[in-house]
Structures are given as C-alpha cells and as structure tokens.
C-alpha cells in the first residue's frame, strides 16, 4: 500500500490525488480571543471537515497583543513586538496542529498543505497615506511565522494572503466568500452568509445561474461588544456570553442611529474595515456618549444594536434578497445579537451548524481551502469580492528545504477537479458539527 509520500510523487500522473488533498487552516480573527484550526479534505468536489480545535488566549496575552497593535509595544519596538507576536501565533498553531492530527487519527505525513492567516496588525487597503511627503499605496499586514511550521512538520505553508489583492487595487478582504460560495450555495434558494467575527462581513449566495456573488465588510461584529464586556467586567470577561448582559439592557436609540450614520457604512461595496475604525478608540467614544443614567447592561445592549443595525443596512446592496441567512463566527453564539438580527432583517437567521458546519470552524476551513487554491495556482478572490483588478492567486508559499517541489508541483497544478471556480460549486460534507 502506498503511503503519503508515494501519493505525492504520483500526483503528476492523476487528475487529483486518489484520496484527495488534506489541508490545515489557522485563523486568528480581529477579536483576538484565540486561534482556530481546521483540518479539511478536498476530494471530487466535496469539502469535508476532518477536525476542528480552538486555542483560547488568556486575558493577559490578548491584552498584550491588543496593546502592541495600538503602539504600546511589549517587545520594546514595533519590529520587536511583531517578531514576538508572529512567533507566538505559530507556536500556538503548532500546538493546534497536533490536536487536529490526534483528533483525525492522522500524522503530519498525511497532510499536504497548511494555510496560516495570522493576526492582522495593520489594514489600510486604500491609497491616501504618505511618508515624508511620498504617497504610498494601500497596505495590509498579518503576523505569522510560516518558517516555524515548515521546520517543525516538513509541510508547505501558505501565508500573507491579503497583500496580493491589495497590490492589485483590492481591499484585501473579505477573502472567505469564495469558500462560503463553495459550500453553502443552494440550487434554488437565494442565501447569504454572515460572518460575525470581530468585524462582520456578508457574502451573497444567489442560487445557481443567477446574479454574481457580492461580498463586503458590514462594520463591527463582536469587536465593540467584546470591548464593552472587558470594560464592564474590569477585564474579567472577554465577551458577552450568549448576549446575557445585552439582553437585560435598554438600547440608546439615538446613539445607535448616530454611529450607524458613519460615512463608511454608506459607502458602496466593495469595502473593508478593521480595528483602526472599530477598536478601543471607537468603543471609548461610544461609551462616553451613553446617557448618564445608563447601566452597564444598557451599554451592552447599545453596542449589540449597533452591530445588528449595521448588518441590516448592508442588505440594501445584496441582490437578489436572500431568503435564508447563515451565520458563522463567534457572534453566532450570541443569542441576543441573533434575535436583534431577526427583528431587523425580518427573515430566518440560522447558525451554520444547522447546515452541518460548526460556526466557529468556517473561517479556519476557508483558509485551508484558500491555501489549496494558492498552491494549485487558482485565484482565491474575484474583482466583485474585493474590487481588485482581476482574480488573483493569493499569498506566499514557504517550502520546507526537504520538499520535493519539482516532483509534485506540476501534478498539483493539474489537479483541476479539486477547485470549484465560479460557476462551479462544491458540495459540503454534511457531517455533525464538532
């Protein structure tokens, strides 16, 4: 029986590997609450989740990273902080990878590829900045160290996914929609996928042979809510579990309307945003404008309503109007937020578990899939998703020194049936949520 190494050597002789491609993906969202890891198999137009694991960051680490991204650098200098942070990310990824392999009863030799998103340290995709009077293009940066992973496991790693698209004039975000499209599209029902991470983004999923996909950031997701939870609890809580605090409060309606008049929210997609716009500084601004008599629960209710209303207003750009909205990300566990979304959207809102995929696993699965697209020289985004000039192969591949590149790369590139570029679709494997 041939082993994984033999399978790789034979890649050039077949349309796709007989047992598919096995890829790991790691994602740290803008909430900075921890790292997610997923192990997937892509085979004959089917994407299967083999294992999922989450590594939470304790409050001290989250706070240190957050301070570092704000300029209060634990490493003494900005480069020092970046070097420390990217190594921490990859050390956690190494630990998560071991958990994934154990859960799937696999070894590292069974895995073909790793995709590492890292922590977004800066995201200014639009031009307009300058240095010493010299105009500079937009930029984005994610902190991860793929070399640690290749040295530890001898597996190629794709990282730095966003900069290619930004260089091509795109927003560099959102990137997961091509995965959402692959696994959640229905033949007859128009849908949308809403990712409630630190920042919220939405992907239109029109039924087959209809309108093209549309995807963009809608504004804050969990970011303001989490900042409120930390402030209310003096750092003892990192989120509003199940939306319990918000569910007991009263919304400051006039403040919500004021925040949701932000010019960015009225900008036509494609568009993206991040911590620079909806981080601690914006939270302090909102908190300072709350009515004097407001309770901590009122603050949480108001922050939750800002997220819900900003998502609802984004629906003006989604055509055809979706009959179903599938929700992923950490916000899918916030019952109060989902209830407010149902009220504003006036349609069914269901966590992705209802459709067979863990809400928290979606984004890390997406970056495993995007890594495979990159490795096989297929675009991971399209102009209508990010505004880039054209579809681009994303990221940078880091190869281990022992990797037999010449013997397998051409075979992977010819493995045409593993990708589902539009208008093709994938069939998600409807396994129980982990």
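Computed values, structure above
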read-out	value
Residue 202 in a helix (DSSP H, G or I), surrounded by 20 or more Cβ atoms within 10 Å (Cβ to Cβ) and either modelled with pLDDT under 90 or in the same structural domain as residue 323 (by TED's automatic domain parsing) (or both)	no
Odd one out for residue 340 among (1) outside any helix (DSSP H, G or I); (2) assigned by TED's automatic domain parsing to the domain that holds residue 212; (3) crowded, with 23+ Cβ neighbours inside 10 Å	(1)
The range 277-291, residues that are surrounded by 14 or more Cβ atoms within 10 Å (Cβ to Cβ) and part of a helix (DSSP H, G or I)	277, 278, 280, 282, 283, 286, 287
Number of the exception - residue 275 against (1) closer than 25 Å to residue 360 by Cβ; (2) at pLDDT 95 or above	(2)
Residue within the range 151-159 that is on the phi > 0 side of the Ramachandran plot and either surrounded by fewer than 23 Cβ atoms within 10 Å (Cβ to Cβ) or touching a residue at least 24 places away in the same chain (Cβ under 8 Å) (or both) present	yes
Residues satisfying the stated conditions in the range 259-275, i.e. in a helix (DSSP H, G or I), more than 17 Å from the chain's Cα centre (by Cα) and either more than 12 Å from residue 303 (Cα to Cα) or not assigned by TED's automatic domain parsing to the domain that holds residue 318 (or both)	263, 264, 265, 266
For residue 108: the one exception among (1) in contact with a helix residue (DSSP H, G or I) (Cβ under 8 Å, 6 or more places away or on another chain); (2) closer than 24 Å to residue 162 by Cβ	(2)
Residue within the range 87-108 that is assigned by TED's automatic domain parsing to the domain that holds residue 50 and farther than 22 Å from residue 368 by Cβ present	no
Residue match in the range 175-198 (condition: assigned to a helix (DSSP H, G or I) and more than 25 Å from residue 355 (Cα to Cα))	no
Filtered residue count, the range 344-370, keeping only those that are within 19 Å of residue 185 (Cα to Cα), more than 17 Å from the chain's Cα centre (by Cα) and in a loop (DSSP other than H, G, I, E, B)	2
From the options 193, 216, residue that is in contact with a strand residue (DSSP E or B) (Cβ under 7 Å, 6 or more places away or on another chain) and either farther than 23 Å from residue 41 by Cα or surrounded by fewer than 24 Cβ atoms within 10 Å (Cβ to Cβ) (or both)	216
Filter result (more than 15 Å from the chain's Cα centre (by Cα) and either over 14 Å from residue 368 (Cβ atoms) or not in a loop (DSSP other than H, G, I, E, B) (or both)) within the range 19-43	19, 21, 22, 23, 39, 40, 41, 42, 43
Selected residue (only one of 363, 297, 280, 305 is more than 24 Å from residue 249 (Cβ to Cβ) and in contact (Cβ under 8 Å) with a residue 12 or more places away in the chain)	363
Flag for residue 299 being under 30 Å from residue 71 (Cα atoms), surrounded by 15 or more Cβ atoms within 10 Å (Cβ to Cβ) and within 24 Å of the chain's Cα centre (by Cα)	no
Checking residue 94 against (1) within 26 Å of residue 163 (Cα to Cα); (2) surrounded by fewer than 18 Cβ atoms within 10 Å (Cβ to Cβ); (3) at pLDDT below 95, the condition it does not meet	(3)
Members of the range 107-147 found to be in contact with a strand residue (DSSP E or B) (Cβ under 9 Å, 6 or more places away or on another chain), surrounded by fewer than 17 Cβ atoms within 10 Å (Cβ to Cβ) and assigned to a loop (DSSP other than H, G, I, E, B), listed by number	127, 128, 137
Among residues of the range 242-268, those that are in contact (Cβ under 8 Å) with a residue 60 or more places away in the chain and either out of contact with any helix residue (DSSP H, G or I) (no Cβ under 8 Å at 6 or more places or on another chain) or crowded, with 21+ Cβ neighbours inside 10 Å (or both), counted	2
Qualifying positions in the range 205-239 - part of a strand (DSSP E or B), out of contact with any helix residue (DSSP H, G or I) (no Cβ under 6 Å at 6 or more places or on another chain) and farther than 18 Å from residue 27 by Cα	216
Members of the range 371-405 found to be touching a helix residue (DSSP H, G or I) at 6+ places or on another chain (Cβ under 7 Å) and either assigned by TED's automatic domain parsing to the domain that holds residue 329 or not in a loop (DSSP other than H, G, I, E, B) (or both), listed by number	372, 375, 385, 386, 397, 398
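The values are calculated or read from the model by the stated rules, or taken from the named source; none is laboratory data. Since we're looking at a predicted model, the values are computed, not measured. Note that we place each Cβ from the backbone using ideal geometry, even for glycine, and neighbour counts take in every protein chain shown.
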